[in-house]
């Protein structure tokens, strides 16, 4: 391209010189003809005419030549303009990386990033993903919305020295596109939101709607800063019980669907009368007859302990299937007849994001739920196995990591349940019973999650007793059996990095914090790690590290984790060449947020 530009400029210069030379020569020729005519005093008319013809011919030739030169000059200038435009486009930034099947593309105007910049997209660890999900959920709660599913990307742009750089937004715009997001779909009841976080421990910032553009199979956002991005499928925040499903062709009483006494019911004006028909059943109760697939909205007057209240409900009429897809690598199936059906989930990983589970129309016919090994999470917004009138038994696998909110809510006949040690979260009101005829049961909780009848009301002690190894936080941490044994410090000056390596021993998890000082006489205690409220300072936390076989030395209980830092002033954790730092690590077993008698300090110069 540079060669083309030089050639074009040389041609323009040559044409300019030729044009100047030609005009001068033509002018001299004309002057010579006129001078000769004057000396001859025009003795004959023919001679004058001949001179005029010469002048006219020269003038015509001059005009033609001038026109050709101007046209060639314009063409050259046009080519130079095109070359300059191409050069500008060449300096613009474009890069793409694929991660977990999603194509991440970053485009920026010229000058926004330095020349020779490169794109890096990093997959987060499971622990880091949990932190980001928690931050996103916390942000969504402000708008009374629910997180259904997320994909998280750590995106950065590096200069030629491998250092992270941020866009110069004064030079232009940056676009980030996420293609092939698996849960992209057109659904009025769900929406896509994009969140930005400065780090895994930072608060989530929701990008404004005008900065997000949804395409057929992609989401594009305008970015002003790079680090963590979470592309999330968000529910509109309906109450967990304001949507119910009815099988096409069924007639069902409202009192069986809803946990209220229904006094009056009317279809709202936007409801298609062809979808449902309201009538009274043989017992005189208000019932729904499901006529066609679709959605109906009902305005109900219900009565509970607080009196009468109007509530809006959404009724989804759907053709039920006895088997089908539940996730990317998961399927469900229903077997049996009448009110004695068995629901089985088999496969691995996580389910798709559902507002209502695909087995919802059979809810009042399911007696047994079997979740096979390999399944980790259930992304069902409305009572995955809740309000199942006949449900008696459930089998949970050792691979299960999470029991969602209201999972077995109001399944009043549910018997004893064993929660495996693998579970890391038990949602609010997951096993809550409230009806007077509810069957009493026992939950044996082997997980490290402390179940409570207060706060999240995971169960109701009037119907359910819980046997759990996890006690109150102070008692619980004594069981972690984890300790810090050693810490090593390494420097890698060739890449301007340093890192710590911590050796721990035990079989549970902990939070780690780091305090640094350049004063060798400073007496560092636990108070250096806490704020005025007595809680650990979040900005001193390194990472939530869970011990496990993936970090353990084979045949031992020893585990290692490491933390990488820049050898330059990047903020709180700064390690500058030529300085001496006195470092103290704090470990809080069980992830507790306040100090206890199991908190450990380990100092290393």
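No lab work stands behind these numbers, since they all come straight from the coordinates. This structure is a prediction, so every number in the text was calculated from the model and none was measured. No Cβ is skipped: glycine too gets one built from the backbone with ideal geometry, and neighbour counts run over all protein chains shown.
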If R0 = 56 Å, then residue 594 and residue 263, at their Cβ-Cβ distance, give a FRET efficiency to the nearest 0.05 of 0.70
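Could you order peptides 290-301, 404-415, 275-286 by the average number of other Cβ atoms within 10 Å of their residues, highest first? Display every interim value, and only then the final one.
On the way: 290-301: 17.4, 404-415: 21.9, 275-286: 13.7.
Highest mean packing first, the order is 404-415, 290-301, 275-286.
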Relative contact order in percent for the range 339-436 (Cα pairs under 8 Å, 6+ apart) equals 25 percent
For the residue 100, residue 216 Cβ pair and Förster radius 22 Å, calculated FRET efficiency rounded to 0.05 is 0.65
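Determine Rg/Rh for the range 243-318; Rg is computed over alpha-carbon atoms and Rh is the Kirkwood hydrodynamic estimate from the same atoms. All intermediate terms of the calculation are to be shown ahead of the outcome.
On the way: Rg = 11.7 Å, Rh = 12.4 Å.
Checking Rg against Rh, the ratio lands at 0.95.
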For 109-121, 526-538, ranked highest to lowest by mean beta-carbon neighbours within 10 Å, the order is 109-121, 526-538
Computed from the beta carbon distance with a Förster radius of 45 Å, FRET efficiency for residue 175 and residue 469 to the nearest 0.05 stands at 0.35
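Give the shape of the range 293-353 as rounded, prolate or oblate, defined through the alpha-carbon gyration tensor: a ≥ b ≥ c are the square roots of its eigenvalues, a/c under 1.5 means rounded, and otherwise the shape is prolate if a/b is larger than b/c and oblate if not. Spell out each step's value before the answer.
Numbers: a/c = 2.37, a/b = 2.13, b/c = 1.11.
Since a/c reaches 1.5 and a/b is larger than b/c, the shape of the range 293-353 is classed as prolate.
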Rounded to a whole number, the Stokes-Einstein D of the range 147-234 in µm²/s (Kirkwood radius over Cα pairs; 20 °C; 1.002 mPa s) is 153 µm²/s
Averaging 1/r across every pair of distinct alpha carbons in the range 359-414 and inverting yields a Kirkwood hydrodynamic radius, in angstrom, of 11.5 Å
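From the Cα gyration tensor of the range 323-470, with a ≥ b ≥ c the square roots of its eigenvalues, which class applies: rounded if a/c is under 1.5, or else prolate if a/b is larger than b/c, or else oblate?
oblate
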Contour minus Cα-Cα span, residue 348 to residue 168, at 0.36 nm per residue, comes to 60.4 nm
